[in-house]
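S.K.: So that we are looking at the same thing, I have put the structure below in structure tokens.
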């Protein structure tokens, strides 16, 4: 059996690491009727610290195809990916195309496979923010509709698909857990300190979503709150290249207690999570990683896909309001959060993914 895996962004590298390992383990057990994995890296994240370092640290097999498609608008990027991926699928003739999450790479891979009548397995299916202004929301909904196997990370994701009538489609829906939990369990044992100096107590923050970076008023509101908070607790921000460029272009003032650093590798991020006292982010993946690491998360968005974290008071939504950010920061000093709930499975999602794909081949 041949599987083509399509990845292009940091969260997808993390998820692919677990599944590639599960394929390797499966092949070692079977020794015949094995799985051949072909990896396509679209190049959506092109910065070495956002891409190649993850392959090195997490021992992901090197991509068989490197497309280097980036720095384009959504239409141009998705269109070029679709064209290139289709050519590869025609040549490789896989049994399955495996896609992750909600990026342009995800949509292009699913669409190329669907047009060629190749089965699609969507890891992290069923997530909904219910905000159609988000490109990611459009990508994930369309990808779900084109997929044969909908591999959900949580029971809420399964419920979303049932509400949308997926029980009446030919797709098969499974709650297999979250592969990011697999990788956190495995790699947290070998997390390593970054090379820069770390304060004794600090907050970890990331900002990269277009809704915050492309809206100058939102970005300024966030940094206004960060300036106030940093007087009490230093903030470390591994900066996304696009966010860095906007901060420099718009000359946004950064407090001396806000430490802007270059993007870090996965092992370093796990270390920072472990040592941090709190997390601010607009990332979907980091919300879960914060939970896995037992850290309260303040999410700089107006909605989130990870509803169970909000409902269980381990995460709070504040948008980009400076006032709400400061209020949430003060509130965390009183909260005694419970991180023991197994919302995302038992750490064996990758094995379940391969087992399910084999069963439905």
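None of the figures in this text is laboratory data; all of them are computed from the coordinates on show. Predicted model only: the values in this text are computed from it and were never measured. Neighbour counts are summed over all protein chains in view; Cβ atoms, including those assigned to glycine, are modelled from backbone coordinates with ideal geometry.
S.K.: Considering Cα pairs under 8 angstrom that are at least six residues apart, work out the relative contact order of the chain and quote it in whole percent. Walk me through the numbers on the way to the answer.
M.R.: On the way: 669 pairs, mean separation 58.6, N = 361.
This gives 16 percent for the chain.
S.K.: Continuing with the same structure: What relative contact order, as a whole-number percentage, does the stretch 189-332 give when Cα pairs under 8 Å and 6 or more residues apart are counted?
M.R.: Averaging sequence separation for qualifying contacts and normalising by length gives 27 percent for the stretch 189-332.
S.K.: Viscosity 0.890 mPa s, temperature 25 °C: give me the Stokes-Einstein translational D for the chain in µm²/s, with Rh taken as the Kirkwood radius over C-alpha pairs.
M.R.: Values: Rh = 20.8 Å.
Value of D from the Cα-based Kirkwood radius: 118 µm²/s.
S.K.: Which part of the stretch 147-164 falls in the paramagnetic zone of residue 338, meaning amide N under 18 Å from the point 7 Å along Cα-to-beta-carbon?
M.R.: Label zone hits: 155-156.
S.K.: Can I ask one more? Helix 104-115 versus the longest principal axis of the chain: what angle, 0 to 90°, nearest 10, using Cα atoms?
M.R.: That helix lies at roughly 20 degrees to the long axis.
S.K.: May I ask for log10 I(q)/I(0) of the stretch 189-332 at q = 0.10, 0.15 Å⁻¹, from a Debye sum over the Cα atoms as equal point scatterers with solvent left out?
M.R.: After summing over all Cα pairs, the log10 values are -0.29, -0.70.
S.K.: Let me ask something additional. Take the alpha carbon gyration tensor of the stretch 167-217, find the square roots of its eigenvalues, order them as a ≥ b ≥ c, and report rounded if a/c is under 1.5; if not, report prolate when a/b exceeds b/c, else oblate.
M.R.: Taking the square roots of the gyration eigenvalues as a ≥ b ≥ c, the stretch 167-217 is oblate.
S.K.: Taking Cα atoms, how many degrees apart are the long axis of helix 135-146 and the longest axis of the chain, rounded to 10 and kept between 0 and 90?
M.R.: Approximately 20 degrees, to the nearest 10.
S.K.: Once the Cβ-Cβ distance between residue 261 and residue 323 is put in as r, and R0 is 30 Å, what FRET efficiency do you end up with, to the nearest 0.05?
M.R.: For R0 = 30 Å, the calculated efficiency reads 0.65.
S.K.: Given the Cα-Cα distance of residue 189 and residue 2 and 0.36 nm per residue of separation, how much length would full extension add, in nm?
M.R.: Here the segment from residue 189 to residue 2 would lengthen by 64.2 nm.
S.K.: Still on this model: For helix 349-359, report the angle its Cα long axis makes with the longest principal axis of the Cα atoms of the chain; keep it between 0 and 90° and round to the nearest 10°.
M.R.: The helix 349-359 is inclined about 20 degrees to the chain.
S.K.: Quickly work out the residue 130-to-residue 331 label distance, labels modelled 7 Å from Cα along the C-beta direction, and quote it in nm with one decimal.
M.R.: Computed distance between label sites residue 331 and residue 130 equals 1.8 nm.
S.K.: Averaging over all projection directions, find the projected area of the Cα convex hull of the stretch 76-172 and quote it in nm² with one decimal place.
M.R.: 5.9
S.K.: 222 nm [θ] for the chain, helices only, -39500 (n - 2.57) per DSSP H run of 4+, per residue, to 500? List each step's numbers first, then the result.
M.R.: Numbers: 15 runs with 164 residues, N = 361.
After summing the helix terms and dividing by residue count, I get -13500 deg cm²/dmol.
S.K.: Using 10 Å bins from zero, what percent of all Cα-Cα pairs in the stretch 1-130 falls into each bin?
M.R.: 13, 46, 35, 7, 0
S.K.: If the viscosity is 1.002 mPa s and the temperature 20 °C, what Stokes-Einstein diffusion coefficient in µm²/s follows for the stretch 269-361 when Rh is the Kirkwood radius over Cα pairs? Please list the in-between numbers first.
M.R.: Numbers: Rh = 14.5 Å.
Stokes-Einstein gives a translational diffusion coefficient of 148 µm²/s.
S.K.: Points 7 angstrom from Cα along the Cβ direction at residue 142 and residue 210: gap in nanometres?
M.R.: Computed distance between label sites residue 142 and residue 210 equals 1.2 nm.
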